[in-house]
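A short write-up of the structure that comes next.
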Amino acid sequence: MTTTAAAIDRPAATPLTRHRAKPSAGRVGAHIFLFVAAILWITPIAWAIYTSLRPYNETSKYGYLSWPRQLTFENFTTAWRQADMIHYFWNSALITVPAVILALGFASCVAFVVSRLNFWFNVPLLIIFTAGNLLPQQVVITPLYRIYLTIHVPHFLSSNGLLYDSYAGLVVINTAFQVGFCVFVLSNYMKTIPHEIGEAALIDGAPVWTQFWKLTLPLCRPALAALATLLTTWIYNDFFWAIALISTGNKRPITSALANLQGQFFVNQNLLAAGALITAIPTLLVYVILQRQFIAGLSLGSSKG
Amino acid sequence: MVSANPAVVPSPVARKRRRRGVRTLSGRDKVVLSLMVGVPLLGVLFFIWFPAVATVLLSFTKWNGIGGLKTIRAEGVQNYVQAATNYPPFWPAVRHNVLWLVVFLVIATPLGMLFAVVLDRNIRGSRIYQSLLFLPVMLSLALIGIIWELIYSPNFGLLNNVIGRSGQHNLIDWLGNPNLNLWAVLVEACWRQAPYVMVLYLAGLKAVDPSLREAALVDGAGPWQTFWRVVFPTLRPINIVILVITVIESLRAFDLVYITNGGNNGLELLSVLITRNIVGQVSRVGFGSALGVVLLVISLVPIVTFLVMQLRQEKRS
């Protein structure tokens, strides 16, 4: 029993038999409830945007809770320049892009074996991967920190020759940590593909790799797209790994660099708001353009059942 | 749309055929398959499971991390004794983690479910409401911490200005007062967690067979009864998933308190204490590990619950 395919194909499936248009007391109540909740939920973000658009001398004169005399993007340009944000965005890209590709690649391989072929070790394998993703990061961080200090990698991957304090190190741990979730989702998804497709190929003598690459993966495109959206957001939003495993401030990806930004713009809330909101731009793009994919990814992870 | 595919329950014939298919693997296929499984498996074993086991072992030792592995000394349960009796932030951290969990269970999760149930009624504009409520889930927790500082700031924050407590004599320091700040941060955490639960739950609700509801309505059940007696029981799997996520998320909590004040002065959490004990030149590896084991033991409860549920389903299909 699984709802995976359905969750992707029709994320907004409207059951045909919902009664509409009857303005009962329940409906009015629902409207009021949702309206109030939405206002409450949006207020912190709206407030941050409002603050970021106002010049510092205006808010210091009239207070933050006042009508605007002037709205400007100046805080955004100042924060962008002063905090050298492009540099941190680049760091984030260097970590996020390889980690997403690697996690999806590895996970598809494992998911294919677990779901399309019949081996005795499939269930233990699935447990190892799935449970690994559920552990709190702090359970593994103490030994991991030591491991990172001892593992030597070539210098083109890390300027100090160690996994610690390097982009490569963050790519590795983000991949290892997320691959479990992807295996879980993808193997559930692949189970929904009829087995006859693979069998026909096997009988024709096609190698396993062809079966995987040419037959199975193309059918998993919706799941891969949803997962890629989800992983990009999650890895981009990661804070803990970068705080614990990167010691050089300007090697940090932008989300954990927020901690520095806070110190730097401590005295100027308008600048802080602008700088912080800039870091949200990539996720807001995902929110606007790929919200469906993101929600589909989340649903895929939970709706096996 | 409960069962979206016919292949989940393969007929005995199909299963037999599949076995035969595996047996016909060529030598090259076997190499390819071992690589496909082997490389990711080694990675996860080495970077996740090996450290997890090492945490347990190291928790019974003393090591400052400077000398080589030879300088590790066995110490029995000394680290645990010390954590419980001679480490002031330990019990507050445990209390805060428990409170975090309780608030998630009692407030964030039911609120998220309520959002989902109301949205599922498909009233006009529910897509817009859903999108608005969902926005915080996309943002990083670090960013959420900063956004809420603009609300909570004693002099300049929205909250104090609205309730008129921003003057020097009567201001409320929401994030600085150790009796208040955990609650203030928990509001931030729920602000993100409730819509997260909402989205997961909405997917579950959409998958409920509409004819079930109709049957209940025809039989004269009210909406309240229909939900609790008919819909809710069919959502058992997703309820468990949400329960697992709730527990795990509350154990992982770190970013919000770290960005707010580094996890001090009323915002101690186990995750923060662990990080504090390992980062830096001289670190208390054994002690930090012991704290990690506490977290591990608690997290095993939801992890095992989840796995048992998965395995049961695996067997059924």
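Any read-out appearing in this document is the output of simple, stated calculations on the displayed coordinates, not a laboratory observation. Predicted model only: the values in this text are computed from it and were never measured. We place every Cβ from the backbone using ideal geometry, glycine too, and count neighbours over all the protein chains shown.
Can you give the FRET efficiency to the nearest 0.05 for residue A:219 and residue B:236, using r as the Cβ-Cβ distance and R₀ = 30 Å? The pair residue A:219/residue B:236 has a calculated efficiency of 0.55.
Label separation (residue B:215 vs residue A:70): 6.8 nm, computed from points 7 Å beyond Cα along the C-beta direction.
The stretch between residue A:101 and residue A:49 holds 15.4 nm of extra length on full extension. This uses 0.36 nm per residue minus the Cα-Cα distance.
Counted as membrane-span-like here are DSSP H helices of chain A whose alpha-carbon atoms extend 20 Å or more along the helix's own axis and whose Kyte-Doolittle mean is 0.0 or above; these are A:25-52, A:85-116, A:167-191, A:221-237. In terms of its alpha-carbon gyration tensor, the protein assembly as shown comes out oblate; a/c meets the 1.5 threshold, while b/c is at least as large as a/b. When shorter helices are ignored and each DSSP H run of at least 4 residues is given -39500 (n - 2.57), the per-residue value for the protein assembly as shown at 222 nm works out to -21500 deg cm²/dmol.
Only aspartates and glutamates eight or more places from residue A:61 in sequence, or on another chain, were considered; those with a Cα closer than 20 Å are A:74. Each part gets one Cα centre, and for region A:233-305 versus region A:119-183 those centres are 20 Å apart. Separation of region B:298-317 and region B:51-115, taken as the distance between their Cα centroids, equals 24 angstrom.
Mean separation of Cα pairs under 8 Å and 6 or more residues apart, divided by the residue count, gives chain B a relative contact order of 28 percent. Each Lys or Arg adds one and each Asp or Glu takes one away; over the other residues whose Cβ falls under 15 Å from the Cβ of residue A:74, this sums to +2. Could you tell me which of rounded, prolate or oblate describes chain B, using a ≥ b ≥ c as the square roots of the eigenvalues of the alpha-carbon gyration tensor, with rounded for a/c under 1.5 and, failing that, prolate when a/b is larger than b/c and oblate otherwise? Oblate, since a/c reaches 1.5 and b/c is not below a/b.
Around the amide H of residue B:61, modelled in the peptide plane, lie the amide H atoms of B:75, all under 5 Å away and 5 or more residues distant in sequence or on another chain. Between residue B:229 and residue A:32, how high is the FRET efficiency from 1/(1 + (r/R0)^6) when r is the Cβ-Cβ distance and R₀ = 25 Å? Nearest 0.05. So, using R0 = 25 Å, E works out to roughly 0.40. Run the reach check for residue A:251 against aspartates and glutamates, Cα to Cα strictly under 15 Å, same-chain hits fewer than 8 apart removed. What comes back? Within reach: A:84, A:165, A:238.
Would region A:221-288 count as rounded, prolate or oblate if I go by the C-alpha gyration tensor, calling it rounded below 1.5 in a/c and otherwise prolate when a/b exceeds b/c, oblate otherwise? Judged from the Cα gyration tensor, region A:221-288 comes out oblate (a/c at least 1.5, b/c at or above a/b).
Counting neighbouring beta carbons within 10 Å and listing from fewest to most, the residues A:109, A:220, A:182 come out as A:220, A:109, A:182. Could you check which residue among A:161, A:263, A:249 shows the biggest mean-square fluctuation in a GNM of chain A with a 10 Å Cα cutoff? Sorting by GNM fluctuation, first place goes to A:263.
Computed FRET efficiency, Cβ-Cβ of residue B:35 and residue A:196, R0 30 Å: what is it to the nearest 0.05? That gives a FRET efficiency of 0.70. Computed over chain A, relative contact order equals 31 percent, with contacts defined as Cα pairs under 8 Å that lie 6+ residues apart. Here each label is just a point 7 Å from Cα along the line to Cβ, and for residue A:292 and residue B:102 those points are 4.4 nm apart. Taking a span of 27 Å or more along the helix axis (Cα atoms) and a mean Kyte-Doolittle hydropathy of at least -0.5 as the rule, the DSSP H helices of chain B that qualify are B:181-206, B:285-316.
Non-local lysine pairs in chain B, meaning eight or more places apart or on different chains, with alpha-carbon distances under 27 Å, amount to 5.
Measure out, as a whole number of angstrom, how far apart the alpha-carbon centroids of region B:140-209 and region A:201-221 sit. Region B:140-209 and region A:201-221 have Cα centres spaced 49 Å from each other. What does the charge dipole of chain A about its Cα centre add up to, to the nearest 20 debye, if the Cβ of each Lys and Arg holds +1 and the Cβ of each Asp and Glu holds -1? Using Cβ point charges on Lys, Arg, Asp and Glu, chain A gives about 800 debye.
In this structure the amide hydrogen of residue A:162, modeled in the peptide plane, comes within under 5 Å of the amide hydrogens of A:153, none closer than 5 places in sequence on its chain. Give me the distance in nm between label points sitting 7 Å out from Cα along the Cα-to-Cβ direction at residue B:78 and residue A:56, one decimal. Each label point is offset 7 Å from its Cα along the Cβ direction, giving 5.2 nm.
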